[in-house]
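To start, the structure itself, in structure tokens.
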Amino acid sequence: MFKSPYKYKASSQKNSCNENNLWNEVLTQFHNLPEERQDEIMLRIYKRVYAQSQHQNKHYSVLLHAKI
């Protein structure tokens, strides 16, 4: 039996759309938090990403003011 590649492609696009919706929801909730809580979360992320890496000289303040 022949399986159409279009069905898979549509399913893949649907999953991608669901992932985008999930990330949009996460970002919306993050931006609705008080600024102090956002800073705490960003600092924890920063420590996990940069603590054991070659990027130890990067400043946390740069991440806070970065436009994404």
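Just checking, does the stretch 25-33 include any residue being modelled with pLDDT of 90 or more and among the hydroxyl-bearing types (Ser, Thr, Tyr)? Spell out how you get there, then give the answer.
Residues of the stretch 25-33 that are modelled with pLDDT of 90 or more, as a first pass: 25-33.
So of that shortlist, the ones also among the hydroxyl-bearing types (Ser, Thr, Tyr) come out as 28.
Taking every residue of the stretch 25-33 in turn, at least one turns out to be modelled with pLDDT of 90 or more and among the hydroxyl-bearing types (Ser, Thr, Tyr).
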Residue check, Gln56 against (1) in a helix (DSSP H, G or I); (2) at pLDDT below 70, all met but one. Which one?
(1)
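The values are calculated or read from the model by the stated rules, or taken from the named source; none is laboratory data. Quick caveat, the model's predicted, so the values are computed rather than measured.
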